[in-house]
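Following this message is one structure expressed as structure tokens.
The values are calculated or read from the model by the stated rules, or taken from the named source; none is laboratory data. Predicted, not measured: the structure shown is a model, and the values here were computed from it. Backbone-built Cβ (ideal geometry, glycine too); neighbour counts: all protein chains shown. Protein only, heavy atoms only, side chains kept; ligands, DNA and RNA dropped before computing areas. Shrake-Rupley method; radii C 1.70, N 1.55, O 1.52, S 1.80 Å.
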Amino acid sequence: MTALALALTGCKPRTRIDLHYLPGFVPGSQNIFRPVKIAVPPTTGDFGSGDSSVGTIYAADGAPQTPLVVADAARAFNNGLIKGLADAGLAPVALDSNPGDGKPPEGSDFILTSDLEQLEVNKRFGTNQTVHGQYFSMRAVVRVKFELKNRDGAVLYSGEISGIENEPPNPVGAEVFLPLETEPAESLSVALSRAVGQLMLQPGFRDALPMRSVEAAPTSTPQSPGASHTP
């Protein structure tokens, strides 16, 4: 978009979001599996290797203000997934491509594929002013389809998981909460971490993989900045 077009539309140049996985964000998802090798091919989905549009910041009048993009979104998610699997106690092995037969390569016990279906965050400013600044709401969603197979190529687990982050948090009774995340990059990273962490809690996924004994699994402690959130 040219400078003239930006001036006419009132829309600022796009902002690139850097995604990152938050270790230990989802309680109960850390150090729960034995360190079996699990092959992880590149994440698929309708996202190119360049910048992908993932949302917009809207002004108080509803006009689009700043487009938001993520560079190589599928790879960014895949990096987070590998960190999350390691965080859960597994030994992920990153692959350059998905094996033609869909089975784990030699040396791996399982293979986990992921298809990124939605990666989106929108921030909307309101007209009200508070002591903390201009009111806004923000919603981030990361939706992924996972499939886990064993050495024989049999599907052990298949499911779709959505990580969602709403700001400000929903009221509880008469209590209203202030936003915990103010930046779209952090909100979308929270949603990504929820999508990955919740995979470790799925009964079918847990049943398919060898678990650590209760004594060997340390208690998971959420880390900043996610410590104040409830997944």
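Looking at 23, 35 in this structure, which one is more than 14 Å from the chain's Cα centre (by Cα) and surrounded by fewer than 21 Cβ atoms within 10 Å (Cβ to Cβ)?
None of the other options fit; the residue is 35.
Here's another thing I want to ask about it. Suppose we keep only residues that are open to solvent by less than 40 Å² (accessible area, probe 1.4 Å) and part of a loop (DSSP other than H, G, I, E, B) within the stretch 82-99. Which one would you say is farthest from residue 114 (Cα to Cα)?
Filtering first and then ranking leaves 89.
In the stretch 40-91, which residues are within 30 Å of residue 212 (Cα to Cα), over 15 Å from the mean Cα position of the chain (by Cα) and of a type in the set (A, V, I, L, M, F, W, C)?
Those that are within 30 Å of residue 212 (Cα to Cα), over 15 Å from the mean Cα position of the chain (by Cα) and of a type in the set (A, V, I, L, M, F, W, C): 40, 86, 88, 90, 91.
Assess whether residue 104 counts as being part of a loop (DSSP other than H, G, I, E, B) and open to solvent by less than 30 Å² (accessible area, probe 1.4 Å).
Criteria met by residue 104.
Within the stretch 193-226, count every residue that is over 19 Å from the mean Cα position of the chain (by Cα), at pLDDT below 95, open to solvent by 40 Å² or more (accessible area, probe 1.4 Å) and not hydroxyl-bearing (Ser, Thr, Tyr).
Of the residues in the stretch 193-226, 5 are over 19 Å from the mean Cα position of the chain (by Cα), at pLDDT below 95, open to solvent by 40 Å² or more (accessible area, probe 1.4 Å) and not hydroxyl-bearing (Ser, Thr, Tyr).
Please specify each residue of the stretch 1-52 satisfying the condition of being hydroxyl-bearing (Ser, Thr, Tyr) and at pLDDT below 95.
2, 9, 15, 49
Can you tell me which residues in the stretch 33-50 are part of a loop (DSSP other than H, G, I, E, B) and in contact with a Lys or Arg (Cβ under 8 Å, 6 or more places away or on another chain)?
Listed by number, the residues that qualify are 34, 42, 43, 49.
Let me ask something additional. I'm trying to understand the selection: among the residues of the stretch 38-81, which are open to solvent by 50 Å² or more (accessible area, probe 1.4 Å) and closer than 26 Å to residue 197 by Cα?
Across the stretch 38-81, the qualifying residues are 42, 44, 46, 49, 51, 53, 75, 79.
Let me ask something additional. Report the residue count in the stretch 112-165 for those that are of a type in the set (Lys, Arg) and touching a Gly at 6+ places or on another chain (Cβ under 7 Å).
1
What are the pairs, 6+ residues apart or on separate chains, where a residue within the stretch 43-72 that is on the phi > 0 side of the Ramachandran plot has its Cβ under 8 Å from a residue that is among the β-branched types (Val, Ile, Thr) and surrounded by 15 or more Cβ atoms within 10 Å (Cβ to Cβ)?
From the stretch 43-72, the pairs are 55/121.
Something else now. Within the stretch 116-159, work out how many residues are among the charged types (D, E, K, R) and out of contact with any helix residue (DSSP H, G or I) (no Cβ under 9 Å at 6 or more places or on another chain).
Residues meeting the conditions: 7.
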